[in-house]
1. Being open to solvent by less than 30 Å² (accessible area, probe 1.4 Å) and on the phi > 0 side of the Ramachandran plot is the filter here, so list the residues in the stretch 97-113 that pass it.
2. When you go through (1) modelled with pLDDT of 95 or more; (2) in a loop (DSSP other than H, G, I, E, B); (3) within 17 Å of LEU13 (Cβ to Cβ); (4) among the aromatic types (Phe, Trp, Tyr) one by one for TYR46, which number turns out not to apply?
3. Quick check on the stretch 70-96: of everything there that is in contact with a His (Cβ under 9 Å, 6 or more places away or on another chain) and outside any strand (DSSP E or B), which residue is least open to solvent (accessible area, probe 1.4 Å)?
4. Being modelled with pLDDT under 95 and small (Gly, Ala, Ser) narrows it down to one of ALA56, ALA132, so name that one.
5. Assuming VAL116 fulfils every condition listed in (1) open to solvent by less than 40 Å² (accessible area, probe 1.4 Å); (2) under 23 Å from GLN17 (Cβ atoms) apart from one, which condition is it?
6. Could you please tell me which pairs satisfy a Cβ distance under 9 Å, a separation of 6+ or placement on different chains, a first residue in the stretch 8-31 that is under 14 Å from GLY59 (Cα atoms), and a second residue that is β-branched (Val, Ile, Thr) and modelled with pLDDT under 95?
7. Listed residues THR18, THR62; which is open to solvent by less than 60 Å² (accessible area, probe 1.4 Å), part of a helix (DSSP H, G or I) and either within 20 Å of GLY129 (Cβ to Cβ) or touching a strand residue (DSSP E or B) at 6+ places or on another chain (Cβ under 9 Å) (or both)?
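The values are calculated or read from the model by the stated rules, or taken from the named source; none is laboratory data. A quick note: this is a predicted structure, and the numbers were derived from the prediction, not measured. Glycine gets a Cβ as well: all are built from the backbone with ideal geometry, and neighbour counts include every protein chain shown. Heads up: the accessible areas ignore ligands, DNA and RNA and are worked out on the full protein's heavy atoms, side chains in. Shrake-Rupley method; radii C 1.70, N 1.55, O 1.52, S 1.80 Å.
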Amino acid sequence: MTETAKSPVGGILGQHQTHLNQGCFLIQRCNACGQHIYFPREICPYCGAGDPVWAAPSGLGTVYASTTVRRRPEAGGDYNVSLIDLDEGVRLMSRVTLLPPDAVRIGLRVQARVQVTDGNGLVVFDLTGAPA
C-alpha cells in the first residue's frame, strides 16, 4: 500500500478505509445473530456480540432518498447525495454517478463500486438495468 493509501484513522474505521483504498467494499455481518452491519462497528448493534466479521455485499441496492447539491461549474458542478438501501438490509449515504444529479430518483436500482482517487477509496453507485 502506498503512503497516500494509508488511513488516517485507526481501529475498525481504519480497517474499513484501508479496504476501500484497495478497491474493496466490505460491510460487516454478525456471527451471532446474522445481521449485516454498516457503518462498521466493534460490537453488533442488534445483539451486542463482539467482533463482527467483514463480508462482501452484492453491492446491489435501491435509492431510498436523494437530493441535488448545487455548485458553480468551476467548483465541479452539481452532484447528488443519496441514501442507498443495500439488498443486505443496511442503508448508507453515497452518490449515484454516471447519471445527471437531477435524474436520480427514489426507487432506482443501483450497483456499488469503489472509486479510488489519489489512493483514497469511496463507495459510489451506478444505475443498473434491473427494475426496482
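1. Within the stretch 97-113, GLY107 is the sole residue that qualifies.
2. It fails just one condition, (3).
3. Restricting attention to the stretch 70-96, the residues satisfying the condition of being in contact with a His (Cβ under 9 Å, 6 or more places away or on another chain) are 86, 88-90.
Then keep just the ones that are outside any strand (DSSP E or B); that gives 88-90.
On the way: GLU88: 45, GLY89: 62, VAL90: 7 Å².
Looking at residues that are in contact with a His (Cβ under 9 Å, 6 or more places away or on another chain) and outside any strand (DSSP E or B), I get VAL90.
4. On the way: ALA56 fails: modelled with pLDDT under 95.
Going through ALA56, ALA132 in turn, the sole match is ALA132.
5. Single failed check for VAL116: (1).
6. Hits for this filter: GLN28/ILE12.
7. Details: THR62 fails: part of a helix (DSSP H, G or I).
Of THR18, THR62, the one residue that is open to solvent by less than 60 Å² (accessible area, probe 1.4 Å), part of a helix (DSSP H, G or I) and either within 20 Å of GLY129 (Cβ to Cβ) or touching a strand residue (DSSP E or B) at 6+ places or on another chain (Cβ under 9 Å) (or both) is THR18.
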